[in-house]
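The values are calculated or read from the model by the stated rules, or taken from the named source; none is laboratory data. None of the values given here were measured: they were computed from a predicted structure. Ideal geometry is used to build each Cβ from the backbone, glycine not excepted, and the neighbour counts take in all protein chains shown. Surface accessibility is based on the protein's heavy atoms, side chains included, excluding ligands, DNA and RNA. Shrake-Rupley method; radii C 1.70, N 1.55, O 1.52, S 1.80 Å.
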Amino acid sequence: MNLFTPLSWNDAGFILTGILNTVYISVIAIVVGSLLGLLIGFIRAESNKTVNVFLGAVLDVLRSVPLIIQLILFSTFIGVMGFPLPPFVTGSIILSLYTMAFMSEVFRSGFNSVPVSMVKASRSLGMNYLQTVRYIRIPIGMRAVFPSWIGVALSVIKDSALVSVIGYMELLRTAEQLISRTQQPLMILIGVGLFYFMISYPLSRYGKYIERKMEI
């Protein structure tokens, strides 16, 4: 590798570590954020105005404050309180909550998109409340919002680069260290962009495949 670039095979392993770390934290944020978003979205769809106003205010803060500021503030706060956490844990918590804020709106719109007539029809067939939610509202609602879910998931993968600000060794941070050593920013950043594409594109294509399968 040294014949053509200033990078070594050890650098390739370093980059691979960054890629895997990016995948790890992205998967955790997407899974945890989706589950929490599903719960919060359902609560908001079923709750009264008072609960909606309270939850909406909290979610608005999470969506409106830039992710990088949330990461820095939370990391600083827990450090000052005497309970420092590893960058991976801190990043996973904040990125999951940030994802939850967007996913909750996606799922809430999905639950609200189910026609009332279908819900009433299911109840008239003898289904109880939980059965209606499980067999009617979730399957139909999720079909309506699946493209939006994919969009949020792809954004999370790219936003995971911001976790580097608190010291997490994800793909972008490894690239920054290599750039500072090799002074080859163009080549390395092009490579990083390609790696992000390689991570995101399969998810996008698989999402389109699932979307076609879910069409009624």
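Could you please report the charge total around TYR129, scoring K, R as +1 and D, E as -1 over all other residues with beta-carbon less than 12 angstrom from its beta-carbon? Overall, the nearby charge balance is +2.
Take every pair of alpha-carbon atoms less than 8 Å apart whose residues are at least six positions apart; their mean separation over the length of region 108-216 yields a relative contact order of 26 percent.
Total Lys pairs in the chain closer than 30 Å by alpha-carbon, pairs eight or more apart in sequence or interchain only?
Close lysine pairs under the 30 Å cut-off: 4.
These residues, VAL80, VAL89, go from largest to smallest accessible area, 1.4 Å probe, as VAL80, VAL89.
Rounded to the nearest 500, the helix-only mean residue ellipticity at 222 nm of the chain stands at -27000 deg cm²/dmol, with each DSSP H run of n ≥ 4 adding -39,500 (n - 2.57). Apolar share of the accessible surface for the chain: 70 percent from carbon plus sulfur atoms, 1.4 Å probe. Determine the dipole magnitude for the chain: charges of +1 sit on the beta-carbon of Lys and Arg, -1 on that of Asp and Glu, nothing else is charged, the reference point is the Cα centre, and the result goes in debye to the nearest 20. Magnitude of the dipole: close to 820 debye. Cα centroids of region 182-211 and region 108-145: 37 Å apart.
Shape call for region 75-216 from the C-alpha gyration tensor, a ≥ b ≥ c root eigenvalues: rounded (a/c under 1.5), prolate (a/b greater than b/c) or oblate? Judged from the Cα gyration tensor, region 75-216 comes out oblate (a/c at least 1.5, b/c at or above a/b). The residue list VAL165, TYR24, MET103 was ranked by how far each Cα lies along the charge dipole of region 9-215 toward its positive end, using unit charges on Cβ atoms, and MET103 comes out on top. Residues MET127, MET118, MET103 ordered from highest to lowest accessible area at a 1.4 Å probe: MET118, MET127, MET103. Each Cα pair under 8 Å and six or more residues apart adds its sequence gap; the mean of these over the residue count of the chain is a relative contact order of 30 percent.
If the segment from PHE54 to PHE14 were pulled out straight at 0.36 nm per residue, it would be longer than the present Cα-Cα gap by 10.0 nm. Qualifying GluC sites (Glu not before Pro) in region 131-216, where qualification requires a DSSP coil assignment and no more than 11 other C-beta atoms within 10 Å, comprise GLU215. Other residues lying with their Cβ under 14 Å from the Cβ of LEU71 contribute a combined charge of -1, Lys and Arg counting +1, Asp and Glu -1.
When LEU62, LEU97 are compared by accessible area of protein heavy atoms, the largest-first order is LEU97, LEU62, using a 1.4 Å probe. Modelled spin labels at LEU35 and TYR206, positioned 7 Å past Cα toward Cβ, are 1.8 nm from each other. Accessible area per residue for region 46-149 is 57 Å², calculated with a 1.4 Å probe on protein heavy atoms, without ligands, DNA or RNA.
Can you check what the net charge comes to around VAL165, using other residues whose Cβ is under 13 Å from the Cβ of VAL165 (Lys, Arg +1; Asp, Glu -1)? Could the numbers behind the result be given before it?
Details: positive: ARG173; negative: ASP159, GLU170, GLU176.
Computed value for this residue: -2.
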